[in-house]
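Undergrad: My questions all concern the structure below.
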Amino acid sequence: FAGLTKKLIPDLFVDQNHPEVLLSLRVLRTSESVLRILLRGAPIGEVPHPQADIASAASLARMVIETSIAFFFLCIDDVAPEERRFRRLASMLHYGTEMLKLQRDFGMEVDPAREQEVSELRRQLSENPVPSQLAPDERRRALAGNDVIYVRRTDLATRMGLPPKRLDAIYRVFSGYVHSNTLSLHMDLTRYTEASALALVELSAAMLSD
């Protein structure tokens, strides 16, 4: 990933291809933060330093997974140009609808230009041939504007060449810290921290493989 990004970024800045630039830089900077928290001087491949802030590292590591998947979905996945355009339009629709929701929820004046932009995006998406090729649930999610990625994470993991069940297990471990759910609060903390540490080392090794 890092090698690919180094090759892409010079051209991307010239072309102002914002999804590639923003997503790749977020992955790289967040990965750096994970490693700084996790290792604290410990060699790569070893269990993290005992005083490492596992909860913070795990929360950031989940962000790395999510952003990497978004990068693949919007920028790398080998799909037809029309579908790639549809995916990017859907991500822009998500941004526009979320901004309108925030304006309304905070009692701010709704931006009419933003409303017009969202309406135009919905029109372009509805006229695109891609929705007719999607599964009903994917089509609904794409056109609603509530999600950037309308394809299941496990399906994308397969397309990325990653073991879906393993990735999903690592993601659940990290999510336990993000949401402070019952697993992170009540599970045997020693075992849970060990599982988290192993997952973090595995992810760190993958991040540094290039």
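The values are calculated or read from the model by the stated rules, or taken from the named source; none is laboratory data. Just so it is clear, the model here is predicted, and its values are computed rather than measured. FYI the Cβ positions are ideal-geometry reconstructions off the backbone, even for glycines, and counts take in every protein chain you see. With ligands, DNA and RNA removed, areas are computed over all heavy atoms of the protein, side chains included. Shrake-Rupley method; radii C 1.70, N 1.55, O 1.52, S 1.80 Å.
Undergrad: Look at Ser180 and say whether it is free of Cβ contacts under 8 Å to residues at least 40 places away in the same chain and either among the aromatic types (Phe, Trp, Tyr) or closer than 22 Å to Thr97 by Cβ (or both). Talk me through it step by step, then tell me what you get.
TA: On the way: free of Cβ contacts under 8 Å to residues at least 40 places away in the same chain: yes; either among the aromatic types (Phe, Trp, Tyr) or closer than 22 Å to Thr97 by Cβ (or both): no.
No; evaluated as a whole, the condition is false for this residue.
Undergrad: Specify the residue that is nearest to the chain's Cα centre (by Cα); the eligible residues are those in the stretch 77-86 that are part of a helix (DSSP H, G or I) and surrounded by fewer than 18 Cβ atoms within 10 Å (Cβ to Cβ).
TA: Initial filter on the stretch 77-86 (part of a helix (DSSP H, G or I)): 81-86.
With the extra rule that they be surrounded by fewer than 18 Cβ atoms within 10 Å (Cβ to Cβ), the set shrinks to 81-85.
Numbers: Pro81: 21, Glu82: 22, Glu83: 19, Arg84: 17, Arg85: 18 Å.
The residue in question is Arg84.
Undergrad: Something else about it: Just the residues that are open to solvent by 30 Å² or more (accessible area, probe 1.4 Å) and either at pLDDT 85 or above or in a helix (DSSP H, G or I) (or both), please, taken from the stretch 40-67.
TA: First, pick out the residues of the stretch 40-67 that are open to solvent by 30 Å² or more (accessible area, probe 1.4 Å): 40-41, 43-47, 49-51, 53, 55-56, 59-60, 62-63, 66.
Passing the criteria: Ala55, Ser56, Ser59, Leu60, Arg62, Met63, Glu66.
Undergrad: Something else: All but one of (1) modelled with pLDDT of 80 or more; (2) part of a helix (DSSP H, G or I); (3) open to solvent by less than 80 Å² (accessible area, probe 1.4 Å) hold for Lys165, so report the exception by its number.
TA: (3)
Undergrad: Condition (residue is outside any helix (DSSP H, G or I) and modelled with pLDDT of 90 or more) applied to the stretch 87-100: is it met by at least one residue?
TA: Pass one, the stretch 87-100, residues outside any helix (DSSP H, G or I): none.
Among the residues of the stretch 87-100, not one is outside any helix (DSSP H, G or I) and modelled with pLDDT of 90 or more, which makes the answer no.
Undergrad: Suppose we filter the stretch 102-158 for residues that are closer than 15 Å to Phe86 by Cα, of a type in the set (Gly, Ala, Ser), open to solvent by less than 70 Å² (accessible area, probe 1.4 Å) and in a helix (DSSP H, G or I); how many remain?
TA: Residues meeting the conditions: 2.
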